[in-house]
Amino acid sequence: MRRPDLGRRLDGPSIALLKQIAPAGPWDVVLVAADGLSAVAVERQAPPLQNAVRAALAHTWRIAPLVVAHNARVALGDEIGALLGVRCVVMMIGERPGLSVSDSLSLYMTWNPHVGRQDSERNCISNIHARGLSIGEGCHKLCWLLKSARKLGYTGVALKDESTNMTLLPETKTP
């Protein structure tokens, strides 16, 4: 909290490890589980959400191996995505504890990730927890946004979440 500059970039050993365990793409998307401000949120919500997303996109998206980041901030996903050569990065990150829910997870999605992306270039799905947005609802919103971003080529303020107004349509396999 006192050093908001930390957690936005990888150090040398982390870059080497990332390249070793998840070689560069082509990947369509990488999911990053980051404890952020609440490790319990990632512990409880990220595994079932990751499984749901992988199942929903299994036949049409090339999904990179899961990346786990400790003490990370949202912007770290930009560097991870760029190093892996992914088209989109999804940061699954714990929200601030003490706001009445200590296990709330948020998803930050960025198309064409690279260091220096602005927050306005991301989409956010928040409040994923047992008394908020369910894993299924979060997966549905994320998959809708991912498919829309792939079609349009961008995320952020220009990409509006209309997932509640539409159903997920089948896709064709990525070439």
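The values are calculated or read from the model by the stated rules, or taken from the named source; none is laboratory data. All of these numbers come straight from a predicted model, not from anything done at the bench. Positions of Cβ are generated from backbone atoms using ideal geometry, with glycine treated the same way; all protein chains shown enter the neighbour counts.
For this structure, a couple of remarks:
- With respect to being over 21 Å from Arg8 (Cβ atoms), β-branched (Val, Ile, Thr) and in contact (Cβ under 8 Å) with a residue 12 or more places away in the chain, Thr110 falls outside the description.
- Restricting the range 75-119 to residues that are acidic (Asp, Glu) and in a loop (DSSP other than H, G, I, E, B) leaves a set whose member that is modelled with the highest pLDDT is Asp103.
- Among the residues making up the range 41-74, none is free of Cβ contacts under 8 Å to residues at least 24 places away in the same chain and in a strand (DSSP E or B).
- Selected residue (only one of Ser38, Ser126 is surrounded by fewer than 17 Cβ atoms within 10 Å (Cβ to Cβ), in contact with a strand residue (DSSP E or B) (Cβ under 7 Å, 6 or more places away or on another chain) and touching a residue at least 12 places away in the same chain (Cβ under 8 Å)): Ser126
- Of the numbered criteria (1) over 21 Å from Glu121 (Cα atoms); (2) among the hydrophobic types (A, V, I, L, M, F, W, C); (3) surrounded by 23 or more Cβ atoms within 10 Å (Cβ to Cβ), the one Leu18 fails is (3).
- Only one entry of His114, His140 meets the criterion of being within 21 Å of Ala158 (Cα to Cα), buried (at least 17 other Cβ atoms within 10 Å of the Cβ) and either out of contact with any strand residue (DSSP E or B) (no Cβ under 8 Å at 6 or more places or on another chain) or among the small types (Gly, Ala, Ser) (or both), and that entry is His140.
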